[in-house]
Each structure stands twice: as structure tokens, then as C-alpha cells.
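Visitor: Mind looking over this structure? Questions follow.
The values are calculated or read from the model by the stated rules, or taken from the named source; none is laboratory data. Not measured: the values here are computed from a predicted model. Positions of Cβ are backbone-derived with ideal geometry, glycine not excepted, and every protein chain shown enters the neighbour counts. Side chains are part of the model used for accessible areas, which takes the heavy atoms of the whole protein and leaves out ligands, DNA and RNA. Shrake-Rupley method; radii C 1.70, N 1.55, O 1.52, S 1.80 Å.
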Amino acid sequence: QVQLVESGGGLVQPGGSLRLSCVVSGIVFRFYGMGWYRQGPGMQREVVATVSSDGTTGYADFVKGRFTISRDNALDTVYLQMNSLSSEDTAVYYCNARRWNEMYWGRGTQVTVSE
């Protein structure tokens, strides 16, 4: 059974930082591209950042310079370091694993940026 379990969300003030983690089981992690997506209130789910199996990263324009995605293949974990957070970053953040025609999702972790 494939599981993706996100953690690290919470309430943070504007300008603050959070580090999200996603622990993966049930697949050979190092073969999969990983991504973080988010869905804000009343919004569609959108890609935030991706990291391929070879470590190549990609970012949405709205997070470039603020967020960093990384992976640890020894721990089957992908991370998202989020800095300089603003209220516009408030959303449920989801972890995603993909390989060819396979795609798996976590249940998400809530990030709320507010005073």
C-alpha cells in the first residue's frame, strides 16, 4: 500500500518560515519524481515545486527565491522549506509522487499564514 504522509504545517506569522516533510512508503522512492502542490480556499490545486528522480528541481514563479524543495532518498522523504511566507501562501499543501502513468497523493497538511 502506497502512503504519502505530510507533516510540518501549522499557523505562522507573515514573514515566517515552515518546513514541510512528506514520508513515502510502498514505492521505490528514488525512482519517483516528487512534488508539492497546494490548494487555497476556493482555489484549484496548483503546483508549487517539483524534484525529479535525478534531483532536478522546478518552482512555480510565485515561490521562486522563497521556497526550496529537496529529497532524501535514504529516508524516503521530500521536504519543502518555505521562507518569507505571506497570507497568500495559506493553503493545504499536498505531496505527490509520480512515475510514468502512476501518481500518488498524500492527504495534505494545512498551512495558515496570519497575524
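Residue-by-condition table, conditions (1) over 10 Å from the mean Cα position of the chain (by Cα); (2) hydrophobic (A, V, I, L, M, F, W, C); (3) modelled with pLDDT under 95; (4) within 16 Å of E6 (Cβ to Cβ):
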| residue | (1), (2), (3), (4) |
| --- | --- |
| R19 | no, no, no, yes |
| G26 | yes, no, no, yes |
| G42 | yes, no, yes, no |
| S52 | yes, no, no, no |
| G58 | yes, no, no, no |
| N83 | yes, no, no, no |
| A91 | yes, yes, no, yes |
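Visitor: Quickly run through segment 54-109 and pick out the residues that are among the aliphatic types (A, V, I, L, M) and touching a Gly at 6+ places or on another chain (Cβ under 6 Å).
Guide: Result: L85, A91, V92.
Visitor: Pick out, from segment 20-69, the strands (runs of 3 or more DSSP E) lying fully within it that include 1 or more residues that are open to solvent by 50 Å² or more (accessible area, probe 1.4 Å) and over 22 Å from E102 (Cβ atoms).
Guide: Qualifying strands (runs of 3 or more DSSP E): 57-59.
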